[in-house]
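Enquirer: Pasting a structure here, questions to come.
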Amino acid sequence: MNILDTLAKINLLGLDPSRGVLVFTAYWRPQPSDPNPEQPGERAIITSYLRTNAGDLCPCGSGKHFGACCQFLPYWQPVCPNPGMHAGYSLLVPQSATFTNISGDEISDFLQDDQRLYCIEDTKQRMYWTYWGVPALKTPSGIVSFGDIELIKNHTLLMTAISDVRMKTLHKPAELGYAADPARSYNTSGEASPEITTR
Ligand SMILES: [Zn+2]
């Protein structure tokens with residue numbers, strides 16, 4: 001689901017941007033009627049309004065108080081929860097990173113073993129993991145998802161996240177895969193870092 005479509009559907013007229021922020025939270029939940037309820041499961045983005053006082057830390061993640069930051073901006077600053085329990089929020093910045101010509105077999109083994117990732121698709125064409133973290137945050141709406149890692153045709157790795165903090169978090173499990181083979185440590189060397197695109 002496209003996050004901007006979700007934003008367009010909200011009735012913003014009834015909400016006061018000077019008293020709170022919009023929070024986007026993505027959830028994964030099994031689909032009981034599917035042949036395999038766990039794969040791919042159902043994904044949903046739920047928007048909520050987080051009341052914020054002037055003296056609270058601004059949910060945009062700036063480190064300033066709301067009153068000295070986003071409170072009186074003439075537009076909405078949508079945010080999303082950071083990975084982890086009680087880890088605060090960050091400004092919504094949808095982005096992706098693509099790694100090409102990778103050895104998919106090695107990478108997929110590493111990612112499959114990572115407790116923070118949950119595999120929701122496993123076919124020859126595509127493997128797909130969503131980042132839950134440890135412990136996974138279970139709510140009545142589903143398990144909170146903080147980003148996605150996709151292995152396409154065993155040679156392209158695509159990471160998508162909707163904030164800078166999330167993208168940094170997502171890089172960590174993937175780096176384990178690169179670290180396994182120093183000859184292919186282009187991810188950590190910095191000189192051939194992935195292309196980050198903001199949509
Ligand atoms: Zn702010």
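Read the figures in this text as sums done on the coordinates, not as results from a lab. No experiment lies behind these values; they were computed from the predicted model shown. Every residue, glycine among them, receives a Cβ derived from its backbone with ideal geometry; neighbour counts consider all protein chains shown.
Enquirer: Roughly how many debye, to the nearest 20, is the charge dipole of segment 3-91 about its Cα centre, given +1 on each Lys and Arg Cβ, -1 on each Asp and Glu Cβ, and no other charges?
Expert: 260
Enquirer: Given contacts defined as C-alpha pairs under 8 Å and at least six residues apart, what's the relative contact order of segment 65-165, whole-number percent?
Expert: Relative CO of segment 65-165 lands at 30 percent.
Enquirer: Sticking with this one: How high is the relative contact order of segment 3-91, given as a whole-number percent (alpha carbon pairs under 8 Å, six or more residues apart)?
Expert: 29
Enquirer: Kindly put ASP148, ASP114, ASP109, ASP16 in sequence by how many other C-beta atoms sit within 10 Å of each C-beta, fewest to most.
Expert: Least to most surrounded, the residues fall as ASP16, ASP109, ASP114, ASP148.
Enquirer: With just the Cα atoms defining each centre, how far is segment 102-131 from segment 14-47? Give it in Å.
Expert: 22
Enquirer: Work from the charge dipole of segment 3-91 (Cβ charges, +1 for Lys and Arg, -1 for Asp and Glu, about the Cα centre) and give the residue of GLN71, THR47, ALA26 farthest towards its positive end.
Expert: It is GLN71.
Enquirer: I've got another one for you. Using 7 Å Cα-to-Cβ label points, what is the GLU42/GLU106 separation (nm, one decimal)?
Expert: Once both label points are built, they end up 4.1 nm from each other.
Enquirer: If you take the square roots of the eigenvalues of the alpha-carbon gyration tensor of segment 3-91 and sort them as a ≥ b ≥ c, do you get rounded (a/c under 1.5), prolate (a/b over b/c) or oblate?
Expert: Prolate shape, in that a/c is at least 1.5 and a/b is the bigger ratio.
Enquirer: Compute the length gained on full extension between LYS168 and ALA54: take 0.36 nm times their separation in residues and subtract their Cα-Cα distance, giving the result in nm to one decimal.
Expert: Value of the extension gain: 38.2 nm.
Enquirer: I'd like to know which of PRO81, ASN101, LEU170 lies farthest towards the positive end of the charge dipole of segment 81-183, counting +1 on Cβ of Lys and Arg and -1 on Cβ of Asp and Glu.
Expert: Positive-end residue among those listed: PRO81.
Enquirer: Can you list the lysines whose alpha carbon sits under 30 Å from that of LYS153, skipping same-chain ones fewer than 8 residues off?
Expert: LYS124, LYS168, LYS172
Enquirer: Just how far, in whole angstrom, is segment 56-81 from segment 132-155 if you go by their alpha carbon centroids?
Expert: 26
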